[in-house]
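Undergrad: Could you have a look at this structure, given as C-alpha cells, before my questions?
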Amino acid sequence: MHKNRLEAFSDGVLAIIITIMVLELKVPHGVELKSLQPLLPVFLSYVLSFIYVGIYWNNHHHLLHATKEVSGGILWANLHLLFWLSLFPFTTGWMGENHLAATPTAVYGVVLLMAALAYYVLQCAIIAQQGRDSLLASAVGRDWKGKLSPALYFCAIPLAFVTPWIASGLYVFVALLWLIPDRRIERAIRRSGE
C-alpha cells in the first residue's frame, strides 16, 4: 500500500494533539503580569510536550520518507504510536496543573517511555517489511539516541517519586538530545540518490 494516507492521517492527529494541548492553557482573569505566574508550570509543561510532539513529527516524517510502501502491520504500529502520543495532552495538563507532583510526573514519564517504545516498534515493522538491507535499516544503524531515551525515561519514572525535578530534568535532557537534528536518514537518502 502507498504511504500517503498514513502520512496525512498521522499529520492530522499530531496537529490535533498540539491543538488540544494549547487549549489547556487557560486565560488568566487578571490584567497584570503577575496573574500569569500561576500558569507558569502549565505553560512550561506545554512547551516541553510541544517540543516532544515536534520531535516525533519530524522523526516520523523522516521515517516515512525512507519508506516505500506500508503494510497492515505498519498501519497498526503507527496507530500504536499515535495512541501514546494522543495521551500527551492529558499527562501534560495533569503534570502542569499539579506543579510537577510525583505521580503526574511519573505518569508523564510512562507515556514518554511508551511512545518511545511504540516508535521503535514502528521503525522495526518498517525495517522488517523492507528488509535488513533497506535504506531505513542502513540509516538507523546503531541508533544510540533511540536506545538511550527509553533507558532515561525508565530511570526518571521512579525518580519522580524521590525528586520530581530530577525526573523532569531527565525529560528535558532527552528532548534536548533529540532537538539536535538527526541527519542519518537524510544522509542515507542522499547517498542512495532517491
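Undergrad: Measuring with a 1.4 Å probe in the full set of protein chains, what accessible area per residue, in whole Å², belongs to the range 16-85?
TA: 58
Undergrad: Another one. Using a probe of 1.4 angstrom, how much of the accessible area of the chain is carbon and sulfur, in percent?
TA: Carbon and sulfur together cover 70 percent of it.
Undergrad: Extension gain residue 15-residue 1, at 0.36 nm per residue separation less the Cα-Cα distance, in nm?
TA: Length gained, residue 15 through residue 1: 2.7 nm.
Undergrad: Follow-up question, since we're still on this one. With a 1.4 Å probe and all protein chains left in place, how much accessible area per residue does the range 119-164 have, in Å²?
TA: 54
Undergrad: A further question follows. Of the listed values (i) 17.7; (ii) 16.7; (iii) 16.1, identify the label whose number matches Kirkwood radius over Cα pairs in Å calculated from this model.
TA: (i)
Undergrad: In the range 1-101, which GluC sites (Glu not before Pro) are in a loop and have at most 12 other Cβ atoms within 10 Å, using DSSP for the loop call?
TA: 32, 69
Undergrad: Work out the FRET efficiency for residue 177 and residue 102 from their Cβ-Cβ distance, taking R0 = 22 Å, and round it to the nearest 0.05.
TA: That gives a FRET efficiency of 0.40.
Undergrad: Which value in deg cm²/dmol, rounded to the nearest 500, describes the helix-derived mean residue ellipticity at 222 nm for the chain, given -39,500 (n - 2.57) per DSSP H run of n ≥ 4 and division by the residue count?
TA: Roughly -25000 deg cm²/dmol at 222 nm, from the helical runs in the chain.
Undergrad: Further question on the same structure: So how strong a dipole does the chain carry about its Cα centre when Lys and Arg Cβ are +1 and Asp and Glu Cβ are -1, to the nearest 20 debye?
TA: Approximately 500 debye in magnitude.
The values are calculated or read from the model by the stated rules, or taken from the named source; none is laboratory data. On a predicted model such as this, the values are computed, not experimentally measured, just so you know. All Cβ positions, even for glycine, are placed from backbone atoms using ideal geometry, and neighbour counts span all protein chains on display. We work out accessible area using only protein heavy atoms, side chains counted, and drop any ligands, DNA or RNA first. Shrake-Rupley method; radii C 1.70, N 1.55, O 1.52, S 1.80 Å.
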